[in-house]
Amino acid sequence: VLTVESSGIAIAAVVAMMMEVPLVFAKKNKSSNISSELYCAVVHSFTHNSDFNVVVEKDYINKGDRILIVDDFLAIGNAVSGLVDIVHQAQAEVVGVTVAIEKGFQGGGDHLREIGIRVDSMAIVDSMTDDGEITFRQQ
């Protein structure tokens, strides 16, 4: 299971525990305790309107690994796309993406599905109004 720090870690940890598989999270910044052997992808944060590098040490993803990407929210899909890039750099396989909430109106999940990635969401929000009305996609 692969996620991005930090908000996705809680959900990804439960998924990894239930599946009895390792959890790896991509760090948003290279810290002093990380080796120089890294997979790296640039991710644009829609929320913060800035780019950042996500990194995973090469020791944690191996060629041929089957990776499930897990996150809390999926909006435009930039974070997930960065993780997909890292998985491909490692010559591993993305077996799917699972998220708690998908913001369907922002199109990230639909785009990932169009390029052949399986995406499963606990809920897909198709629209939200300023007065608090939320429309969920029927799955």
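Scanning region 37-47 for any residue that is in contact (Cβ under 8 Å) with a residue 24 or more places away in the chain, of a type outside the set (A, V, I, L, M), outside any strand (DSSP E or B) and in contact with a helix residue (DSSP H, G or I) (Cβ under 8 Å, 6 or more places away or on another chain) turns up at least one such residue. Put simply, of ALA26, ALA79 the only residue that is part of a strand (DSSP E or B), in contact with an Asp or Glu (Cβ under 9 Å, 6 or more places away or on another chain), closer than 23 Å to ILE115 by Cα and among the small types (Gly, Ala, Ser) is ALA26. Looking for something modelled with pLDDT of 95 or more, surrounded by fewer than 20 Cβ atoms within 10 Å (Cβ to Cβ) and within 11 Å of the chain's Cα centre (by Cα) - is there at least one such residue anywhere in region 103-115? Scanning region 103-115, I find no residue that is modelled with pLDDT of 95 or more, surrounded by fewer than 20 Cβ atoms within 10 Å (Cβ to Cβ) and within 11 Å of the chain's Cα centre (by Cα), so the answer is no. Within region 1-17, restricting attention to residues that are without any contact (Cβ under 8 Å) to a residue 60 or more places away in the chain and farther than 18 Å from LYS28 by Cβ, the residue that is surrounded by the fewest Cβ atoms within 10 Å (Cβ to Cβ) is MET17.
Based on this model, can you work out whether ILE124 counts as open to solvent by less than 20 Å² (accessible area, probe 1.4 Å) and more than 11 Å from the chain's Cα centre (by Cα)? In short, yes. Note on region 28-50: residues that are closer than 21 Å to ILE76 by Cβ, at pLDDT 90 or above and out of contact with any Gly (no Cβ under 6 Å at 6 or more places or on another chain) total 2. Pairs meeting the criteria (first residue in region 105-134 and closer than 15 Å to VAL94 by Cβ, second residue at pLDDT below 95 and open to solvent by 40 Å² or more (accessible area, probe 1.4 Å), beta carbons under 6 Å, at least 6 apart or on different chains) are GLY108/ILE76.
Just to be sure before I move on: is ILE67 surrounded by 16 or more Cβ atoms within 10 Å (Cβ to Cβ) and in a strand (DSSP E or B) in the structure I sent? Here the answer is yes, as ILE67 does meet what is asked.
The values are calculated or read from the model by the stated rules, or taken from the named source; none is laboratory data. What you are looking at is a predicted structure, and each value in this text was computed from that prediction instead of being measured. Using ideal geometry, Cβ is built from the backbone for each residue, glycine included, and neighbour counts are taken over all protein chains shown. Accessible surface areas use protein heavy atoms only, side chains included; no ligands, DNA or RNA. Shrake-Rupley method; radii C 1.70, N 1.55, O 1.52, S 1.80 Å.
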